[in-house]
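S.K.: Before we start, here is the structure in question, set down as structure tokens.
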Amino acid sequence: MKSIRNILTFIFIASAALCLPVWTAAQENGNIFGKVETPLGIPLGNVTIEFSNGSQTYTTTTDTSGQYSQNVPPGSYAVSHIDINNSDYQQGVDMSDVFAISQHLLLFDPLDSPYKRLAADVNYDQKVTTIDLIKLRKLIFGLENTFNAPSWLFAPADYDFPVPVNPWFENIPFAGIIVPENGNTEYNIIGFKTGDVNWSIGLTGGLEGVVRADMESDCAAGAGEPPLRGWIVMAREGNAHYFASTDSSGYYRLSVPPGDYELSLIPRNEGWLACQSEFPITIVENGYQHFDLSAQALHFCPVPIVDISAPFLRRCFDNKLNIYYANDGSVFLEEAYIEVEFDNFLEVSQSSLPWSS
């Protein structure tokens, strides 16, 4: 009987001290929400954002309005990765950006935003130099299709650059996002396109039209008159300049923010005179207004243009030479041909156009 009593006593102590559960209140999740947009307030959809608390990562994607929302446990978070599902480097990049960076380098009109200076650093060396300008032009003319920098860059919307003229002074922080229990934390993000220093990407308004040679001398840009290819149309708002180039049909399309502008056509050479001098226009937020432009020939003659560019040539490697040719005159150039003389150390392997010898 003694042994049985001892066993019963042991079982009683074990059930009371070791097996009863300890109840604690469950923590309620919080929520990180916000929007991703350009410096002009244009929403960016399909932006993937990863939030991490050091042990677990949560991923969300913005909708077409740039909004996102992610349910997470309470704690401190950082953005561990952010990217947009569109890596087209050429999108939003044009000669307007080349002009703006040129003005910045010449100290005529410095880039007035840290976002613009970061976007201008296309070779990703934490400064804006002529190297960035060269790489930008190569992208526009199709000689390259990427930059050293990512296609898109991001920053917290409430981040104040300590040195705005030197946005590389410190790494942009993406940490310290505190999410309370059963609470909401707003975290907005600014996204800007590399190379697009005038923030033209995503704009839904601007100008479009056709540029023609005014053969009737009435400045009417009639439908039967020949189109002018490769002409530059400029819209100016204060110190901001926006440019577009005409295609083979003379068509141009120029995206600009809403505002009041002065529109002008830039002649290719002194043999032409634009019919319309700089004149005022007003651009609304949505839609493209149509403006046809024309130019009159001052001299009726052909003006052949030929140019050749080459990279740094390396022995035993393939190197690409680019030849630009055009007739900037007012009449057709008949039976024209181009002669290119190569050094004996160079061997021609192929060409986009056939050659005679």
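S.K.: Quick query: amide H of Ala221 versus all other amide H atoms, modeled in the peptide plane; which residues come in under 5 Å with a sequence gap of 5 or more or a different chain?
M.R.: none
S.K.: While we're on this one: Just read off the accessible area of Arg314 with the full protein assembly in place, 1.4 Å probe, to the nearest 10 Å².
M.R.: 140 Å²
S.K.: For segment 60-67, take each phi angle, set θ = phi - 60°, evaluate the Karplus expression 6.51 cos²θ - 1.76 cosθ + 1.60, and give the result in whole Hz per residue in order, putting x for glycine and proline.
M.R.: So the J values, rounded to whole Hz, are 9, 9, 6, 8, 5, 8, x, 8.
S.K.: Given points 7 Å out from each Cα along the Cα-Cβ axis, report the Cys301 to Val284 separation in nanometres with one decimal.
M.R.: Each label point lies 7 Å from its Cα, and together they span 4.8 nm.
S.K.: For Ile82, Ile308, what's the largest-to-smallest order of accessible area, 1.4 Å probe?
M.R.: On the way: Ile82 35, Ile308 90 Å².
Ranked list, largest accessible area first: Ile308, Ile82.
S.K.: Follow-up. Compute the relative contact order of segment 77-162 as a whole-number percentage, counting only Cα pairs closer than 8 Å that sit 6 or more residues apart in sequence. Show your work: numbers first, answer last.
M.R.: Numbers: 64 pairs, mean separation 27.9, N = 86.
The normalised contact order for segment 77-162 reaches 32 percent.
S.K.: Could you derive backbone 3J(HN,Hα) for segment 138-143 from the dihedral phi with the Karplus parameters 6.51, -1.76 and 1.60 (θ = phi - 60°), listing whole Hz in sequence and x where the residue is Gly or Pro?
M.R.: 4, 5, 5, 8, x, 7
S.K.: Sticking with this structure for a sec: Using 1/(1 + (r/R0)^6) with R0 = 51 angstrom and r between the beta carbons of Trp355 and Tyr58, what's the FRET efficiency to the nearest 0.05?
M.R.: Numbers: r = 59 Å, r/R0 = 1.16.
Efficiency, from the Cβ-Cβ distance: 0.30.
S.K.: At 222 nm, what value in deg cm²/dmol follows for the chain if DSSP H runs of at least 4 each add -39500 (n - 2.57) and the sum is divided by all its residues, to the nearest 500? Please list the in-between numbers first.
M.R.: Details: 4 runs with 45 residues, N = 357.
When only DSSP H runs of four or more count, the value is -4000 deg cm²/dmol.
S.K.: Farthest toward the dipole's positive end in the chain, which of Thr60, Gly230, Asn71, given Cβ charges of +1 (Lys, Arg) and -1 (Asp, Glu) about the Cα centre?
M.R.: Asn71
S.K.: For the chain, with all protein chains present and a 1.4 Å probe, just round the carbon and sulfur fraction of the accessible area to a whole percent. Show your work: numbers first, answer last.
M.R.: On the way: 11660 of 21670 Å².
C and S fraction of accessible area: 54 percent.
S.K.: If you place +1 on the Cβ of every Lys and Arg and -1 on the Cβ of every Asp and Glu, how big does the dipole about the Cα centre of segment 85-169 come out, in debye to the nearest 20? All intermediate terms of the calculation are to be shown ahead of the outcome.
M.R.: Details: 6 positive and 11 negative charges, 49 e Å.
Dipole magnitude for segment 85-169 comes out near 240 debye.
S.K.: Between Leu44 and residues 5 or more places away or on another chain, which pairs have amide H atoms under 5 Å apart, with H built 1.01 Å from N, and which residues are they?
M.R.: Result for Leu44 returns Val36, Glu37, Thr38, Gly66.
S.K.: Next question, about the same structure. Which value, in debye to the nearest 20, describes the size of the charge dipole of segment 286-357 about its Cα centre when Lys and Arg Cβ atoms bear +1, Asp and Glu Cβ atoms bear -1, and nothing else is charged? Please list the in-between numbers first.
M.R.: On the way: 3 positive and 10 negative charges, 67 e Å.
Dipole magnitude for segment 286-357 comes out near 320 debye.
S.K.: Student exercise: in the chain, how many lysine pairs 8 or more apart or on different chains have Cα atoms under 18 Å apart?
M.R.: Final tally of qualifying lysine pairs is 10.
S.K.: Check Asp83: other-chain or 5+ apart residues with amide H under 5 Å from its amide H, H built from backbone geometry?
M.R.: Residues meeting the criterion, in which the H sits 1.01 Å from N, are Thr48.
S.K.: Residue-wise, which Karplus ³J(HN,Hα) couplings in Hz belong to segment 347-356, taking 6.51 cos²θ - 1.76 cosθ + 1.60, θ = phi - 60°, and x for glycine or proline?
M.R.: Going residue by residue, I get 10, 7, 9, 6, 8, 6, 10, x, 10, 7 Hz, with x marking Gly and Pro.
The values are calculated or read from the model by the stated rules, or taken from the named source; none is laboratory data. Owing to the predicted nature of the structure, the values given are computational and were not obtained by experimental measurement. A quick note on method: Cβ atoms are made from the backbone with ideal geometry, for glycine too, and the neighbour counts reach across all protein chains shown. The protein model used for the area step is the full one, side chains on, heavy atoms only, and it has no ligands, DNA or RNA in it. Shrake-Rupley method; radii C 1.70, N 1.55, O 1.52, S 1.80 Å.
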